[in-house]
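The structure appears right after this line, and notes come after that.
Values quoted throughout were computed directly from the atomic coordinates according to the rules given, and no laboratory measurement underlies them. Everything numeric in this text was worked out from a predicted model, so none of it was measured. Don't worry about glycine lacking a Cβ; one is built from the backbone with ideal geometry, like all the others, and counts go over all protein chains shown.
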Amino acid sequence: MKKDFWLYNLFRHQIAGFLATLVDFGVFNLLTYGLGIWYVSSNIAAAIAGAVANFVISTTWAFSGAQNSLKNQIVRYTIVSAGSLILNTIFVYLLTDLAGFPPNGSKVITAILIAWSYNFLLMRYYVFKK
């Protein structure tokens, strides 16, 4: 495999993540600020919406040609997304309630940390096996 293939996957993963983040943040803001739902509940619903968007984009474009079956990808993606949801919810809560950041600020910081330290590596090497 070419050395730059890893960077190619990272680039596509980041675009897929960005688009999924737009879905995530859109749902979060609609629920939290538009409908007045508690930000932790909004974060969970938004993360699920973003995860679905990310899976569709990742499967069809970012990691197309993965070596494992779609069923296997779905199971593994669900496991990784559940971990990501737990980490995101904990960090958003801690940054908002304990550190005093506004919910959107907490969500941005958390999204960046989780995307670079957790999601990409598990997506590339576990879910979509390149």
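Every helix of 4 or more DSSP H residues in the chain counts as -39500 (n - 2.57), and over all residues that averages to -21000 deg cm²/dmol at 222 nm. Averaging the Cα positions of each part gives two centres, and for the range 3-55 and the range 65-130 these lie 9 Å apart.
Once R0 is set to 35 Å, what does the formula 1/(1 + (r/R0)^6) return for the Cβ-Cβ distance between I109 and I74, expressed as a FRET efficiency to the nearest 0.05? Taking R0 as 35 Å, the efficiency between I109 and I74 is 0.75.
Fully extending the segment from L121 to L30 would add 29.7 nm, taking 0.36 nm per residue of separation and subtracting the current Cα-Cα distance. What's the FRET efficiency of S41 with L10 using the Cβ-Cβ distance as r and R₀ = 30 Å, to the nearest 0.05? E between S41 and L10, to the nearest 0.05, is 0.40. Take every pair of alpha-carbon atoms less than 8 Å apart whose residues are at least six positions apart; their mean separation over the length of the chain yields a relative contact order of 28 percent. In the list [x] 12, 40, 33, 13, 2, 0; [y] 13, 44, 29, 11, 2; [z] 11, 26, 18, 12, 10, 8, 5, 4, 3, 1, 0, the label attached to P(r) over Cα pairs in 10 Å bins from 0, in percent as derived from the coordinates here is [y].
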